Amino acid sequence: MIIELIHTRYRSTWRDWLLRGDEATFSFPLAAPTAQTIARHSDAIGQWLQDWRSWAKAHPAARLRNAQRRTIVGAQEIFTHLDIATINDLVALDHDLADHWRRANARWARLSALPGGVDAERLRPDLPQIVDMDDADFKILLDAVIWFTENPRSGLIIRQVPVLGMHTKWLARNRRHVLACLNITPKPNASAEQPDEELEQSDLDPLGLKALPVHIDVILADPSERALAGGLRHVNAPLPQIDALPIRPETVLIVENKESAYLIPDRPRTVIVHSLGNHLNVLDQIGWLDDARQLYWGDLDRAGFTLLSRARTRLPHLASVLMNPATLAEHQALAVKDETRADPPDPNLTDIETAALTALSTEHGKYMRLEQERIPSPYVLDQLRRAMDGDRSNEPN
C-alpha cells in the first residue's frame with residue numbers, strides 16, 4: 001500500500017521537481033490503529049509493528065514516526081507516518097521509480113543544453129513520452145532539434161534532412177516533441193486526423209520543410225475521355241494535374257482500395273478515383289468532381305465508415321455503395337476479426353450506413369471487417385452498375 005502511495009505522489013509531481021529543481025520532504029500516513037483496535041487485536045498489532053520495523057530497517061532512508069496510544073492494557077507505541085527527507089530518498093524505495101528519476105534527470109540535462117534553450121512549461125506535456133523514449137529515438141530527437149535550430153527554413157523534404165535515423169514515419173510520430181523542444185506551438189490548422197505515417201504541408205511548415213505533392217490515382221473508364229489524356233486508362237499524377245484533366249464525367253466513383261478499383265469495366269462518362277487513404281482533403285480541390293454524381297465504395301469496417309464520413313464532409317452529396325447491412329449479411333462468412341484502431345466517424349452517416357456500422361460489432365465488444373476484395377466480383381459489379389444507373393437509396397438527405 002505504501003509503495004502505491006509513493007507511486008501516486010511521484011507520478012503527479014515528478015515534472016515539478018525536475019523542471020523547478022524543487023526539494024521536497026514527504027510524509028505518508030500509515031493508517032495507525034486506534035486504542036480500541038490495539039486492545040482487541042493485540043497479536044495482529046504486534047505483528048504489524050514488527051513488519052514495519054523490519055521494513056524500515058531494510059529502507060534506512062525512510063523514518064517511522066511514532067506516537068503513544070493509551071489503551072486499557074497500558075500505553076502502546078504505534079507508527080503513524082512514514083517520513084522521507086528528500087526526492088532521492090523517495091525514489092530509492094522503488095527500483096522503477098529510481099530508474100525513471102535517473103533517466104528523467106539525465107535527459108532533462110541534455111534537453112536544457114540544446115542551442116537556444118528550451119521552454120520548460122512548453123515542454124512539460126511532452127516530458128513523459130520523451131523520458132520513456134528508447135535511447136536511439138532520444139538521440140534522433142536531440143540531433144533533429146539541433147539541425148532544425150540551425151536550419152529553420154531549409155525547404156527540404158523530410159528524406160533530405162541529414163539527421164541519421166530520422167525518416168518520415170519517425171517525424172510523424174515525434175513531430176510534437178520536436179516542436180516542443182524548439183519552443184514552437186503548432187498552428188491550429190495543422191492536420192489532426194492523419195495517421196502516424198501521414199504529414200501534410202501544414203504539419204511541416206513550422207519546421208521549414210516541404211511536403212511531397214499529393215499524387216492522385218484515377219481510372220478513366222470512358223474511352224472517349226481517355227483519348228483526351230493520351231489514351232491512358234490509369235493515371236497517377238500530382239493533384240494540380242489531375243484537377244486540370246480535360247474531362248467532364250457524369251459519375252465519379254471513389255474506391256478505397258486499388259485492387260477493387262481495377263475490377264470496374266469501361267463505362268461512358270465515368271471516372272474512378274481510388275487509393276486516397278487519408279488524403280480525403282483533396283476531394284474538394286478537384287473541379288470536375290463538382291458537377292458529377294459522386295459515389296463511394298469502401299471496406300465494410302469501422303475505418304471504412306470513418307473514411308466515408310470524412311469524404312462526405314468534403315462532398316456533402318456523396319452516396320455510398322455496398323456499405324449497407326444487406327451486403328454485410330449476405331457475405332458475413334467472409335468477414336474477419338477487426339483488431340485495428342479506428343477513429344469515430346464524422347456525424348454524417350445515413351441511417352443505412354449507421355445500421356451497417358452497428359452490425360459490425362460482435363459479442364464481448366469485438367468487431368469484424370469485410371474487406372472490399374473479399375466480396376465476389378459478380379455481386380460487386382451488379383451493385384455498382386445499379387448504383388451508377390441511378391439507384392439513389394443510400395444517398396444522404
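The values are calculated or read from the model by the stated rules, or taken from the named source; none is laboratory data. Keep in mind that this is a model prediction, so the values were computed, not measured. Quick reminder, even Gly has a Cβ in these numbers, built from the backbone with ideal geometry, and neighbours come from all protein chains shown. In case anyone asks, the SASA skips ligands and DNA or RNA and just uses the protein heavy atoms, side chains included. Shrake-Rupley method; radii C 1.70, N 1.55, O 1.52, S 1.80 Å.
Some points to look at:
- Under the condition of being open to solvent by 30 Å² or more (accessible area, probe 1.4 Å) and within 24 Å of Y379 (Cα to Cα), the residues counted in region 239-256 number 2.
- Breaking point among (1) more than 30 Å from F138 (Cα to Cα); (2) out of contact with any Lys or Arg (no Cβ under 8 Å at 6 or more places or on another chain), for F79: (2)
- Residue list for region 98-151, restricted to those being aliphatic (A, V, I, L, M), open to solvent by 60 Å² or more (accessible area, probe 1.4 Å) and part of a loop (DSSP other than H, G, I, E, B): A113
- Listed by first and then second residue, the pairs with beta-carbon distance under 8 Å, at least 6 apart or on different chains, first residue in region 34-59 and within 17 Å of I3 (Cβ to Cβ), second open to solvent by 70 Å² or more (accessible area, probe 1.4 Å) and basic (K, R), are A56/R63.
- Test: L295 is part of a helix (DSSP H, G or I), at pLDDT 95 or above and among the aliphatic types (A, V, I, L, M): no
- Filter pass, K169 being within 13 Å of R107 (Cβ to Cβ) and in contact (Cβ under 8 Å) with a residue 12 or more places away in the chain: no
- Among the residues making up region 42-85, those that are in a strand (DSSP E or B) and of a type in the set (V, I, T) are T71, I78, T80, I84.
- Selection of region 248-269 for residues being out of contact with any Lys or Arg (no Cβ under 9 Å at 6 or more places or on another chain) and either assigned to a loop (DSSP other than H, G, I, E, B) or more than 14 Å from D217 (Cα to Cα) (or both) yields E256, N257, Y262, L263, I264, P265, P268.
- Candidates D22, D16, filtered to the one that is on the phi < 0 side of the Ramachandran plot and open to solvent by less than 50 Å² (accessible area, probe 1.4 Å): D16
- Selection count, region 30-44, where residues are open to solvent by 80 Å² or more (accessible area, probe 1.4 Å) and either within 28 Å of A61 (Cβ to Cβ) or aromatic (F, W, Y) (or both): 1
- Which numbered condition E353 fails, given (1) out of contact with any strand residue (DSSP E or B) (no Cβ under 7 Å at 6 or more places or on another chain); (2) among the charged types (D, E, K, R); (3) under 17 Å from E256 (Cα atoms): (1)
- In the set (1) closer than 20 Å to P345 by Cα; (2) in contact with a helix residue (DSSP H, G or I) (Cβ under 7 Å, 6 or more places away or on another chain); (3) surrounded by fewer than 16 Cβ atoms within 10 Å (Cβ to Cβ), G277 fails one condition alone, (2).
- Only one of R293, R341, R302, R314 that is basic (K, R), in contact with an Asp or Glu (Cβ under 6 Å, 6 or more places away or on another chain) and on the phi < 0 side of the Ramachandran plot: R314
- Only a single criterion out of (1) open to solvent by less than 50 Å² (accessible area, probe 1.4 Å); (2) modelled with pLDDT of 95 or more is not satisfied by N236, namely (1).
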